[in-house]
Structure formats: structure tokens, C-alpha cells
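The values are calculated or read from the model by the stated rules, or taken from the named source; none is laboratory data. Everything numeric here is computed off the predicted structure, so don't read it as measured data. Every residue, glycine among them, receives a Cβ derived from its backbone with ideal geometry; neighbour counts consider all protein chains shown.
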Amino acid sequence: MLALLKRSVLIANRGEIAVRIARTLRELGWIAVGIYTDADKLSLHRKYVDYDSRVSSYLDIDEIIDAALELGADGIHPGYGFLSENSSFVERVIRAGLTFIGPPTRAMKISGDKVMAKDIAAEIGIPTIPWAEVRDPSNIIDYAREYGYPVLIKAAGGGGGIGMRVIRSDKEAEACFKQAKREAEKAFNDPRIFVEKYLSDVKHIEVQILSDGDEVIHLFDRDCSIQRRYQKVIEEAPSPTLESREREKILSDAIELMKLIKYVNAGTVEFLYDVVNKRHYFMEINARLQVEHPVTEMITGVDIVRQQLLIAFEEGLELSQGSISIRGHAVEARINAENPATLMPSPGVVKKYFEPSGPGIRVDSGVFEGSVVSPEYTPLMAKLIAWAPTRESAIRKLARALSEYVITGVETNIPVLKSIISNEEFLKGFHTTSFLDACIDSIKRKLIELEKVHAVAVSMLMTKSVDGLGAILPKVKKIGGKVSSLKRSAWMYWSIVKSGVKRGRKLRRLPQSGK
């Protein structure tokens, strides 16, 4: 390839994805410029751009385009979320004489309209779950009489779990329809709703696509079945349960669909895979970079952001389908600022922050010590990715890395992630999209019990009753905890407490034994 022109790209996003995009821009020798809001004055992504400009919101199209022009950008990369799948934003970017790093408007409009995409897929013979547009609750009831409950209603104009409701009876239809319609109109300015049969024992499989307009290639599949409330928690590549014949059929359907709609740049075609009947069904297209793209990068060695940039600036794909192969296995865990027992957001200031490392470990982070985790945005702080030659080794590596991750000041979902990847069903790869909803209550109970035991251990250390630890160790084993882990975490906590005393900090009262 000829030497690349030096470009300047505005990253219209924040957090870990803005950092990740900026890194590739620097590796290309290009200039990274960015935006930030008042809530992000001290955010990590500002340290990775050469210049940036304040905006009132990451959704304000006028301010973002003005910032790009003022900072001398040649193009805009939207990352994911915010305006990444907003076709009006794409049109405005192009009218301003800037390059949009993503698909053209037509492809984005088709991708963003879930009903239109399903229609096109069905026309070319790609399996879809039967669906119907919903204009009032009676349409849901009529559909359920034909296909049976439970059914799922979705927003036609967008994804991300917004507007999605599982309906199990006629009584639920009216309330769920009103809620879904209201959410869809607010989020996508499109109140349309459709209904389809709800399948519980399915896997969520997605295919990563790259296209320069002439050639469409895939980077194989990802399994994103560990979800809660339609939000992904753990992803892996490739899927552990797809056999080669099934994989080839899903990959070829994804390629055929993207060729038909003349898709350009990076995108994802998503399917539901019925593990019992071994059938796949087209679900939707995501016309953007996905949160979980690192697992695909780890098994293929392809920098997806680099390819996005080259395609957008008409440098073309550096790759061919024959040059892409699967190497090993990768698993990604999303590190969220959440209370592990309630899974509610836990905003605050990150006081201590230590990332794991070692061979095969990658951390895409948007925080550092002193970072503010704002309640205004998603609680996602970082993504921890582990790669190894086999799935079993990758999971063990991820478990080791999670045990090394230190974050204080805000609560995190790390204990939940540890419980998930030690679950027998997950280890065997048999888990489906209903896995986490089915076992989350038992995970919470276990974490609460471990927290009580930990509180007792810390109390004993504070009162110097170290010998008393022996009495509670059997309880640790009984609820599945590790004695060595308890001792280590208790001593670490005690060290932090003593450090606080020396510095004259006021300590929180610890729970008393047995409480």
C-alpha cells in the first residue's frame, strides 16, 4: 500500500472507546482530536487526543460538527452509542465536507430499521423468526394466539435493548406496548414496534463484517449470550458450540445480506441460534463498531478500527478473506461500576486502580486513579480481554486477571464476573441468553454471604483477633470461597485501613461480627 496521507480525525465519543480509537490513530501517524463535556473534564480520553473542544452533549450534532471544523478534522469517528447509528448525523457530517468513519447513509438507514432489514433477509431466504408490526395491543394478542406466549416486542428504529419487553399473557400486552412505544419514540424518534416469538434457549451469535464497497469479508463469529436485561456482560470468539457446518452457513448468510444492501465499512450481522434444533435466525444489523470487537481482533490479529479508517478515506481493505483465520480463543468481560449484589450503578471517584497484565491479557480502559465515574453515562469502566490457544486456557487466564484487578472507591461487578466464569454451564459452553437471568439470584446470595464473612475477618484483624480467623474459615469453604483469597483480601483491606489512620482519615464503621 502507498504511504498514507496524514489525516486528522475527531472522535465523537468518550471513555474507553475514545481511548481505543485514539491509539490506532496515533499508530497510523494521524492526528486525534476529541470532544468532552463538563462531566468529563478530567476523563482519561482527553489525555489521548492532541486537541479537544468542550461540547454540551455527545448528542449535539451542531456542536460536534463545529468542533470538528474548528479543530481542523478531516473526518469523524462516532465510536459506539450516542450518534453512531444516527443517519441524520451522517448526512450532516458529509454536508460539512467531512468524512464519516462508518457506513453510508442508505446502508445505515436499512440497518437501523429492524423491520426493513428483516424483510430484506427474508426475501433472500435467510431464516427469520415470524414477526408482525404492532399498532395497538390487540396486534400483540392476535400474534400470540397464532404463535403462543411468550412473545417479545422490540423497537423498529433501534436496538440496545431499548423498548424490548417479554410478554407472557394478554394482561401484560397493553402496559408493555405503551412503555415500549414511549421508550422507542424518546430514544430513536421512531415509535414503531414489532412483535416476534420469544425464544429462551438460544445463543446470541454475531458476525463481524468489513467491506470497502467492492469486497465483503467476515472476521468470523462471536458468542454474546451472557446478557442481563439485553445488555451483554461477557463475550467470546469464536462461539464454543457452533460446529463448522453451522458456522459456515451463518457466515455466508451474513456476507450475502451485507452485499445486497451494499454495506461499506465495519458492521455486525446478528443471529439467534437455537441450540436444540440447530437453526439460526437473522435478528438485526449493527452499523457501527461493537463494544466487544476486541475478542475478534484477538483471534484474527486484525485492527478493526484501522480498517475502518482506511476504508472511510478510500485507501481500501488491506485484507482478503483468504488471509483471515481463527487463532486460539478470546473472552471479554465488561468491568462496570455496579454494586455486585444489586447490579445498580455505583458512581463515584476511583481511588485505587491497578490493571492486570501478562501474556494474552488486554485491558481497554477509560479510567485511572482519580477518575470520576459519572452517573450521567454508562457504568462501563473497562473491558478485560484474555486470549489463549484454547477456550479453557483463555477462561483460566481471565479468572487470574480478574483476581488481580484492583479498583476501589466505586463498587464493581468483578465478583459477579468471577462467579459467571466459574459456573459449570458456562465452562461447558452450553449457556444461552437466559443463563444469567436464571442464576443471578443465586450468584447474589453467594456474594452477600462472602461479604458477611469478609466483614467478620476484617473486624477480627482490626481488633487483632487473628487467631479467631480459624473459626470462620470452614464457612468460607462451605459457600464456595477460597481461604487464601479471603486472607489476602482481608490483609489488603486492613493495610488500607491502617494507611487511612496514619493519614488522619475518618474511617467508616465496619459491620460487626455476624451482622
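At-a-glance table
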{"item": "Any hit, segment 246-265, residues being closer than 28 Å to Gly360 by Cα, without any contact (Cβ under 8 Å) to a residue 40 or more places away in the chain and of a type in the set (D, E, K, R)", "result": "yes"}
{"item": "Asn139, sole failed condition from (1) free of Cβ contacts under 8 Å to residues at least 24 places away in the same chain; (2) in a helix (DSSP H, G or I); (3) over 18 Å from Leu199 (Cα atoms)", "result": "(1)"}
{"item": "Residue under evaluation Asp40, criteria (1) over 28 Å from Val216 (Cα atoms); (2) free of Cβ contacts under 8 Å to residues at least 40 places away in the same chain; (3) acidic (Asp, Glu); (4) in contact with a helix residue (DSSP H, G or I) (Cβ under 9 Å, 6 or more places away or on another chain), criterion not met", "result": "(2)"}
{"item": "Segment 243-262, subset closer than 17 Å to Lys114 by Cα and among the aliphatic types (A, V, I, L, M), residue farthest from the chain's Cα centre (by Cα)", "result": "Leu260"}
{"item": "Options Ala337, Ala330, Ala312; residue that is among the small types (Gly, Ala, Ser), buried (at least 21 other Cβ atoms within 10 Å of the Cβ) and in contact with a helix residue (DSSP H, G or I) (Cβ under 6 Å, 6 or more places away or on another chain)", "result": "Ala330"}
{"item": "Some residue of segment 320-329 being touching a Gly at 6+ places or on another chain (Cβ under 9 Å) and not in a loop (DSSP other than H, G, I, E, B)", "result": "no"}
{"item": "Residues (of a type outside the set (Lys, Arg) and either under 30 Å from Glu246 (Cα atoms) or assigned by TED's automatic domain parsing to the domain that holds Leu83 (or both)) located in segment 179-203", "result": "Phe194, Val195, Glu196, Tyr198, Leu199, Ser200, Asp201, Val202"}
{"item": "Qualifying position, being in contact with a strand residue (DSSP E or B) (Cβ under 8 Å, 6 or more places away or on another chain) and in a loop (DSSP other than H, G, I, E, B), among Tyr281, Tyr263, Tyr273", "result": "Tyr263"}
{"item": "In segment 366-387, the residues that are surrounded by fewer than 21 Cβ atoms within 10 Å (Cβ to Cβ) and touching a helix residue (DSSP H, G or I) at 6+ places or on another chain (Cβ under 6 Å)", "result": "Phe368, Ser374, Glu376"}
{"item": "Residue satisfying all of: in segment 260-292; of a type outside the set (Ser, Thr, Tyr) and closer than 20 Å to Ser320 by Cβ; surrounded by the most Cβ atoms within 10 Å (Cβ to Cβ) among these", "result": "Val269"}
{"item": "Residue list for segment 334-349, filter: part of a loop (DSSP other than H, G, I, E, B) and either β-branched (Val, Ile, Thr) or farther than 14 Å from Ile448 by Cβ (or both)", "result": "Ala337, Thr342, Met344, Ser346, Pro347"}
{"item": "Residue, nearest to Phe89 (Cα to Cα), within segment 53-79, restricted to residues that are surrounded by 13 or more Cβ atoms within 10 Å (Cβ to Cβ), touching a residue at least 60 places away in the same chain (Cβ under 8 Å) and not hydrophobic (A, V, I, L, M, F, W, C)", "result": "Pro78"}
{"item": "Single residue of Tyr147, Tyr143 found to be in contact with a Lys or Arg (Cβ under 7 Å, 6 or more places away or on another chain), surrounded by 15 or more Cβ atoms within 10 Å (Cβ to Cβ) and of a type in the set (Phe, Trp, Tyr)", "result": "Tyr147"}
{"item": "Qualifying residue in segment 364-384 (condition: modelled with pLDDT of 95 or more, more than 25 Å from Tyr58 (Cβ to Cβ) and either in contact with a Lys or Arg (Cβ under 6 Å, 6 or more places away or on another chain) or in a helix (DSSP H, G or I) (or both))", "result": "no"}
{"item": "Scan of segment 118-132 for residues that are under 18 Å from Leu199 (Cα atoms), touching a helix residue (DSSP H, G or I) at 6+ places or on another chain (Cβ under 8 Å) and not in a loop (DSSP other than H, G, I, E, B), ordered by number", "result": "Thr128, Trp131, Ala132"}
{"item": "Boolean, Ile255 is in the same structural domain as Ile420 (by TED's automatic domain parsing), assigned to a helix (DSSP H, G or I) and aliphatic (A, V, I, L, M)", "result": "yes"}
{"item": "Selection from segment 64-100 of residues that are farther than 19 Å from Trp30 by Cβ and among the polar types (S, T, N, Q)", "result": "Ser84, Asn86, Ser87, Ser88"}
{"item": "Search result, residues across segment 81-101 that are at pLDDT 95 or above and not in a helix (DSSP H, G or I)", "result": "Ala96, Gly97, Leu98, Thr99, Phe100, Ile101"}
